[in-house]
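Below is one structure, written out as structure tokens, with a few remarks after it.
The values are calculated or read from the model by the stated rules, or taken from the named source; none is laboratory data. Just so it is clear, the model here is predicted, and its values are computed rather than measured. Heads up, the Cβs are rebuilt from the backbone with ideal geometry, glycines too, and the neighbour counts pull from every protein chain shown. Keep in mind that these areas ignore ligands, DNA and RNA; they rest on the heavy atoms of the full protein, side chains included. Shrake-Rupley method; radii C 1.70, N 1.55, O 1.52, S 1.80 Å.
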Amino acid sequence: MTPAPLPTTPLSPAALPAAAVPDQPTCAADAGSWCAEFYKVTNSDFLARSADTIVSTTFNVALIVVLGVVARFLIHRTINRIVEGATNSRLSRLVGRAPRLRGTNGNGPITPRRAQRARTIGSVLRSISSTVILTVGAIMVLAEFGVALAPILASAGIVGVAVGFGAQNLVRDFLSGMFMLLEDQYGVGDIIDAGEASGVVEAVGLRITTLRDHQGTVWYVRNGEILRVGNKSQGYAVAVIDLPLAHAADIPSASALAERAATERVAEKDVADSVLEPPEMLGVERVGPEGVTLRLTVKVKPGEQFAVQRALNAAIADAFEDANVPRPSIFPGQDSSRPSIP
């Protein structure tokens, strides 16, 4: 016969032996410590034991973020001040070649062009600085959390190489655009010859240059595809006037007449502002079966050569007509098999 079980009563925690009392972090007994504060609020042993690490890591991460924001603000502010002072001749020597940034007569800077270059370069520098600061800050934050950075950096290097091979044309366009801006090869408003496309530059970017030709067609040229550039508007331009004459013409008299007519025409108000130097008669340019060609040149302001050429061609043609200077029936470059226009 089994004995009946004895009645049991729950024991109070005070009656339990010391070994049976739940463990508490020893640091919780330190009044005023982060461990004691965390244990008091959360009653969690894990959080209490990790209190110092949590606080120090949070402080370090916050410090990294604050320093990154401050560094970005200061760098961007410095770049913006340099951009705002782009019209200063001393700063122009830092962002490009100073002689290229002067006006056609050498007396003043080309403010719009310099400002456009400075804004573009400033935008690139701001983007690069933000990317560098963000990358460095992210790496430092990951290091605070104990993340192994070696595999991440190795993977990033491999990805960077793969992207570089895949986007090498984009990288080439970008680098070409950077060097083009730094060297001041051309700017908005310049008349350039970029190979298959030529015309007035309407926009200059780090990847694309936009041109509009004389027919109004807009050309988008990748900077990496431009192998050579002929700038017809940098510093000054030259208006070239070729004058075809018949073999029977009196060359010295015709040359003097053309030079006199050109000098009188460039003195008129509508043309005078565009001319930098008096017309210069170079003499006979070529002799062919159709006749003799004289050449006269005038140094003018950038982009004004075509208007001056048209004005001088009209004035000299009228002068030759009044003086009965014989002209060839077939002009240079005209097909002799086709009848000439009287």
Seminar exercise, completed: Taking placed amide H atoms and a strict 5 Å upper bound, the residues 5 or more places from Asp184 or on another chain that come that close are none
For this session: Work out Dmax and Rg for the stretch 156-261 from the C-alpha atoms and quote the Rg first, both in angstrom.
Result: 21.6, 78
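Could you calculate, for the stretch 246-289, the ratio of the Cα radius of gyration to the Kirkwood radius, expressed as Rg to Rh?
Values: Rg = 13.0 Å, Rh = 12.0 Å.
We get a ratio of 1.08 for the stretch 246-289.
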Exercise. What whole number of Å gives the distance from the Cα centroid of the stretch 154-201 to the Cα centroid of the stretch 262-306?
Worked result: 38 Å
For this session: Search the structure for amide H atoms under 5 Å from the amide H of Leu243, placed 1.01 Å from N in the peptide plane, and list their residues when 5 or more places away or on another chain.
Result: Leu294, Arg295, Leu296
For this session: Go through the stretch 62-69 residue by residue and turn each phi into a ³J(HN,Hα) via Karplus (6.51, -1.76, 1.60, θ = phi - 60°); whole Hz please, and just put x for glycine and proline.
Result: 4, 5, 4, 4, 5, 5, x, 5
For this session: Between beta-carbons, use under 13 Å as the cut-off and find the net charge around Asn80, counting Lys and Arg +1, Asp and Glu -1.
Result: +4
For this session: Work out how far the C-alpha atoms of the stretch 220-307 reach from end to end along every principal axis, then list the three figures in whole Å, largest first.
Result: 52, 37, 17
Problem set entry | Cα pair distances in the stretch 151-210, grouped into 10 Å bins until the bin that holds the longest one, percent each | 20, 37, 22, 14, 6, 0
Exercise. With all pairs of different alpha carbon atoms counted, what Kirkwood hydrodynamic radius in Å does the stretch 169-327 show?
Worked result: 17.6 Å
Exercise. Just how much of Val141 is accessible, in Å², when a 1.4 Å probe is used and the result is rounded to the nearest 10?
Worked result: 30 Å²
Exercise. Hey, what do the phi angles of the stretch 265-275 turn into as Karplus ³J(HN,Hα) couplings, whole Hz, using 6.51/-1.76/1.60 and θ = phi - 60°, x for Gly and Pro?
Worked result: 6, 6, 7, 6, 4, 6, 10, 4, 5, 8, 9
For this session: Using only the alpha-carbon atoms of the stretch 268-312, report the extent along each of the three principal axes, biggest first, to the nearest angstrom.
Result: 38, 19, 16
